[in-house]
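Take a look at the structure below.
The values are calculated or read from the model by the stated rules, or taken from the named source; none is laboratory data. Given the structure is predicted, the values throughout are model-derived calculations rather than measurements. Methodologically, a virtual Cβ is constructed for each residue, glycine included, from the backbone with ideal geometry; neighbour enumeration extends over all protein chains shown.
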Amino acid sequence: MDENRIALYHRIMRRENFEVAANDLFKLLVSTQKRFPNKSRVLYVDIDGHLNESGGFDDDMLELQVEFGLKFLLQFFTEVHFPLYTIANRNEQSNDIPETLQILDQENKKDNSLNELYLENYSNTEFFSEHDIYAYLQQVSAFLKRYNDLDVFYAEMGKEEYDTFGCLPMWRSHQKNLINELFTSLLYGNLISATAMTRSLIECYVYLRIIKKEKSVKLLEDWFLCRLIRGANKYGDGNKDKVLSPLEQCCQSMGIDYADAYHRFYKAGNENSWLSSVIHKSRISFHDACKYLDEVDVYGDFQRASSFVHGQDIISKMMPFTFYSSIYHKFLIMMIYTFKTIRLYPIENNMEKEIQELENRLFTLAEVYSK
């Protein structure tokens, strides 16, 4: 892509209807114009599902591509690429973008979402209806929406020098999606699901924090190879070589000692053996990884989340939604690691100030709800 042009990409998911997709595309356009004023833009859109019985697109996605894409969006881009067509703007790209998007007659449209199938858990929603908690959730929601608009910013930043495989941008995208699902799950009252995802977020934070701390090409290569080598075992003896043989050739072309990697990751180690260059043990646990970071509370937070999710700990299952203190503690840990994870990638000063304000208010609320 020409360095003078901005490429925007958006993927429309199966459960998103016309209104959701149109608003997401409009927000992407507005945020890009603010960050890169008047720069030439090209839009790429993928659509998951949304097919009718004959194999064509459903009414929502036909309208999105034909009516919204051609008659509205195209004027603000030099090119747009939808599954139905690729078209260039014959006129000069317009940068006079309206402040808001108004979609008319949506009340009569069929709802293609899965909301009507959703089973809500109301066991802790009373807590989130508290005025100060609700106001805080509004602030967090607005912040996360702005954070979600930074995909173009991170794409322009490119990969870091030690990230030869380009893994870290994909990892950031995964963590962003995890944070979104975690926050949404909490709002719907699904505290058990939210706690399980908090546990995953802590794991992601710890491993990425080590990688960011070390800035080592070898460490990232080991992380990548360890997963591939150990994952090949699930294919069985008959098919394992079909996976490992191309990997061995790839290692040779990159000057990596495959025999050594195979021994360390498959024969002698475990899933965390990729950390052996910084944690000098044959079998490395998640506790070892947390200890290496020298962050006192991380493993304790992980253990508490694990106890609540796993089936063997009866104590954590006794009245987990009865007292605000038990709910708030899970909410507190969730938000702490949300902010920790976001900070692992570069953020602008205004966003850092906003995180600090949210953290201060979070701990102020703890004085009320953690008692």
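Here are some notes:
- Output for segment 280-325, where each listed residue is of a type in the set (Phe, Trp, Tyr) and in a helix (DSSP H, G or I): PHE286, TYR292, TYR299, PHE302, PHE308, TYR324
- Screening segment 81-97 for residues that are touching a residue at least 12 places away in the same chain (Cβ under 8 Å) and of a type in the set (A, V, I, L, M) and picking the one that is surrounded by the most Cβ atoms within 10 Å (Cβ to Cβ) gives LEU84.
- Only a single item in (1) closer than 17 Å to ASN190 by Cα; (2) at pLDDT 95 or above is not met by THR341, and it is number (1).
- Among the residues listed as ILE202, ILE192, the single one being crowded, with 20+ Cβ neighbours inside 10 Å, within 30 Å of LYS340 (Cβ to Cβ) and at pLDDT 80 or above: ILE202
- ASP301 vs. criteria in contact (Cβ under 8 Å) with a residue 24 or more places away in the chain and of a type outside the set (A, V, I, L, M, F, W, C): yes
- When VAL296 is tested against (1) under 25 Å from ILE336 (Cα atoms); (2) surrounded by 12 or more Cβ atoms within 10 Å (Cβ to Cβ); (3) not aromatic (Phe, Trp, Tyr), just one condition goes unmet, and that condition is (2).
- Residues in segment 313-346 that are under 23 Å from SER173 (Cα atoms) and surrounded by fewer than 16 Cβ atoms within 10 Å (Cβ to Cβ) were compared, and the one that is farthest from the chain's Cα centre (by Cα) is PRO346.
- Every pair of residues 6+ apart whose Cβ atoms lie under 9 Å, when the first sits in segment 64-80 and is outside the structural domain of PHE18 (by TED's automatic domain parsing) and at pLDDT below 90 while the second is surrounded by 20 or more Cβ atoms within 10 Å (Cβ to Cβ) and in a helix (DSSP H, G or I): none
- Meets criteria (polar (S, T, N, Q), outside the structural domain of GLN249 (by TED's automatic domain parsing), in contact (Cβ under 8 Å) with a residue 24 or more places away in the chain and under 20 Å from SER306 (Cβ atoms)) for THR198: yes
- Looking only at segment 273-293, and only at residues there that are surrounded by fewer than 19 Cβ atoms within 10 Å (Cβ to Cβ) and of a type in the set (Ser, Thr, Tyr), the one that is farthest from PHE363 (Cα to Cα): SER282
- Considering segment 1-46, and only residues there that are over 18 Å from ILE103 (Cβ atoms) and among the β-branched types (Val, Ile, Thr), the residue that is nearest to the chain's Cα centre (by Cα) turns out to be THR32.
- For segment 346-367, the set of residues classified as part of a helix (DSSP H, G or I), farther than 20 Å from ILE133 by Cβ and charged (D, E, K, R) consists of GLU352, LYS353, listed by residue number.
- Enumeration of residues in segment 333-368 that are over 26 Å from PHE323 (Cα atoms) and among the charged types (D, E, K, R): LYS340, ARG343, GLU348, GLU352, LYS353, GLU354, GLU357
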